[in-house]
Amino acid sequence: MPAHGSGLRIGVDLGGTKIELAALDDRGAIVLRERVATPAGDYDATIEAIARLVESAEGRACERGSIGIATPGALSLRDGRVKNANSTWLNGRALKEDLERRLAREVRIANDANCFALSEAQDGAARGASIVFGVILGTGVGGGIVAGGRILTGANAIAGEWGHNALPLPGAEDEPLPPCYCGRRGCVETYLSGPAMAAEHARLHGESLDAPRIAARAAEGDAGCEATLQRYARRLARSLAVVINIVDPDVIVLGGGLSNVGGLYARVPALWGAHVFSDEVRTRLLAPAHGDSSGVRGAAWLWESP
């Protein structure tokens, strides 16, 4: 095992469709990268796929590295097994123990949104910030908090999971409250995920467009797409204002597919002030420096987080 702060850092991002590995050097540069399809539904094959990626990387680098894993869900504080993962074949399984047995060393595991936040806090858009809130706006909505370079896990291992809070101050344009897979109605995720935006646009404007296309059409002057983006920005502003009121981060970094909607970075801060309990809002809303690489980079940085 490399000493803390030196040596090869291996990060693995365990996603629902792909498993990606990246190895970082002492400066944080990616020195090798590889990905394979996730053997969805097959837990044992998932363990083996991760192990083979690690073994291949170490063979190519001629060096043994530290290993961090970004996963959906979290490790239960009760028994250490995976909980709340949308890759359901992981739930209830002793992922950390099984990987450590297979790889014959300690492995660190964190939620993928936490890894995203750590990456951007460590050497990304939020570098140098004391408190960072990392937001995932993609197929789902997640979040992670990093304070003083350290991931905040929380008493229940759910710190930062803002996507399953209720949308703040719902009005007529937000009704009826959409059902969420978690069993509740009106969760932030049911409004701010990419599929949620696309579904509402189709219902109100009769066009089947995904979120990137809606953003592109809005930029071209399409009134319906512009209206969809305005609703989205209002909801995002109210939702992030609640985060600011509670966590008061220096920086909020957007990740996931919707982080590519450039207009959000000006629209949302212009709106959230009306809902933040302060006469001035100094929190900055930033795009990610590392884009889609932040999750796997954050996993590699887990050994640098106290």
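The values are calculated or read from the model by the stated rules, or taken from the named source; none is laboratory data. Computed from a predicted model, the values in this text were never measured in an experiment. Every residue, glycine among them, receives a Cβ derived from its backbone with ideal geometry; neighbour counts consider all protein chains shown.
Descriptive notes on the structure:
- Residues being under 15 Å from Gly163 (Cα atoms) and either of a type outside the set (D, E, K, R) or touching a strand residue (DSSP E or B) at 6+ places or on another chain (Cβ under 6 Å) (or both) - total across the range 195-245: 12
- Index of the failed condition, Val107 passing every other in (1) surrounded by 22 or more Cβ atoms within 10 Å (Cβ to Cβ); (2) at pLDDT below 95; (3) farther than 15 Å from Leu286 by Cα: (2)
- Of the candidates Gly148, Gly171, the single residue that is out of contact with any helix residue (DSSP H, G or I) (no Cβ under 8 Å at 6 or more places or on another chain), among the small types (Gly, Ala, Ser) and closer than 20 Å to Ser239 by Cβ is Gly171.
- Residues that are modelled with pLDDT of 95 or more, over 20 Å from Ser193 (Cβ atoms) and in the same structural domain as Arg185 (by TED's automatic domain parsing) do not occur anywhere in the range 137-144.
- Selected residue (criterion: nearest to the chain's Cα centre (by Cα)) from residues of the range 74-104 that are of a type in the set (Gly, Ala, Ser) and within 20 Å of Asp42 (Cβ to Cβ): Ala85
- Residue in the range 201-233 that is nearest to Arg284 (Cα to Cα), counting only those that are crowded, with 19+ Cβ neighbours inside 10 Å and out of contact with any His (no Cβ under 8 Å at 6 or more places or on another chain): Ala233
- Residue match in the range 210-232 (condition: in a helix (DSSP H, G or I), of a type in the set (S, T, N, Q) and in contact (Cβ under 8 Å) with a residue 60 or more places away in the chain): no
- For the range 110-150, a tally of residues being among the small types (Gly, Ala, Ser), surrounded by 24 or more Cβ atoms within 10 Å (Cβ to Cβ) and not in a strand (DSSP E or B) returns 6.
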